[in-house]
1. Could you bin all the Cα-Cα distances of segment 1-92 into 10 Å bins starting at 0 and give me the percent of pairs in each, rounded to whole numbers?
2. Which whole-Hz ³J(HN,Hα) couplings does segment 192-207 yield from phi under the Karplus relation 6.51 cos²θ - 1.76 cosθ + 1.60, θ = phi - 60°, glycine and proline marked x?
3. Using Stokes-Einstein with the Kirkwood hydrodynamic radius over Cα pairs, what translational diffusion coefficient do you get for segment 144-227 at 37 °C and a viscosity of 0.692 mPa s, in µm²/s rounded to a whole number?
4. Given points 7 Å out from each Cα along the Cα-Cβ axis, report the L280 to R161 separation in nanometres with one decimal.
5. Given labels modelled 7 Å from the Cα in the Cβ direction, how far is it in nm from L65 to L89?
6. With each label point set 7 Å from Cα along the Cα-Cβ vector, what nm distance links A108 and R24?
7. If I take all pairs of Cα atoms in segment 193-247, what percentage of them are more than 15 Å from each other?
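Taken together, the values in this text are just the output of simple stated rules run on the coordinates, not laboratory data. In this text, all values refer to a predicted model and were calculated from it rather than measured experimentally. Please note: Cβ atoms are built from the backbone with ideal geometry, for glycine as well, and neighbour counts cover all protein chains shown.
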Amino acid sequence: MWWGVVAALFANVLYSGGFVLQKRALGSLPGLDVHRPLRAVRLLLGSLPWLGGSLALAGGFAAQLVVYRTLPMAAAQALFVSGLVLLLLLSSRALGERTSGRERFAMAAVVVALLMVVLSLDSRDSSGESIGAYSPPALVLLLSAVSIGAGIRLYVVADRRSARRRTPTSGVAYGVAVGLVYGVSSLAIKGVSALFDAADLTGTVVAVLSSPYPYLLLVTFGTGLILSQTALQRCRASLVVPVCTTTSCLYTATLGSIAFGESFPDDPLRLTLRVAGAVLAVAVLLTLPSNEAPSTAKELASESR
């Protein structure tokens, strides 16, 4: 269990550092457009600082494989959300981003939601919780198709609405959209980790390639790459990344746990804490403003020029 906790914290460091490096690199690139994905990919691959951030994120994904083999998905997501604190500190120091009082209150509420989920965990064998190892491929594909479609649709609608109002979006809708796509990535990573067998690497490769998981990773990597980098370039990392992370973690902790047959706490108090923590996190997302405040909008406009 403790290996999983250490791996989750290590993943948090890699994720936070990777996003900050990418955000800094995006500031020196021409504007990205989701409607021109090949141009966006060419610009990104031509930036060495951006590639450095991507390598850090890849290390975070690798650490997730260890986490999902040793911890239930709900427990793992609670630890991943804790990385938001580090991300906010780095974005403030390294990027000079300022958060509003309302946003700081929202992030504090997310931390409270995290603590509620952590308190709902129990490492004892009598906890009744299990680590899932299998999900019907048809169920995974159905969840993935609906989630990716919903994420793309939400992103496009938010993009059009922002252009129509001529007011920079805060990035909340973008973060939710990308979070849905990365939630599918988490399902795929969980599936790969469940199939991994160190004693039979050949069998592991065959099992993985005959499953839908590597192909889902390719789809979510390409889709998430364009959506997330365009959102990071347009909006503050200190808002986009926390919203994306919270959405992805809630998605994985709920739908992922159900898909892989991981049980929820038997104890009523712990079950109440977990459900209440998830509800609180969702409520926080719903209260965040969809557009930037006028002063922040002016700052973003000046930076883009």
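1. With 10 Å bins starting at 0, P(r) equals 17, 39, 28, 15, 1.
2. Taking θ as phi minus 60°, the curve returns 5, 5, 5, 8, 5, 9, 4, 7, 9, 5, 5, x, 5, 4, 5, 5 Hz for segment 192-207.
3. Details: Rh = 14.2 Å.
Roughly 231 µm²/s, to the nearest whole number.
4. For L280 paired with R161, the spin-label model returns 2.7 nm.
5. With each label point 7 Å from Cα toward Cβ, the separation is 2.9 nm.
6. 3.0
7. Working: 924 of 1485 pairs.
Cα-Cα pairs of segment 193-247 separated by over 15 Å account for 62 percent.
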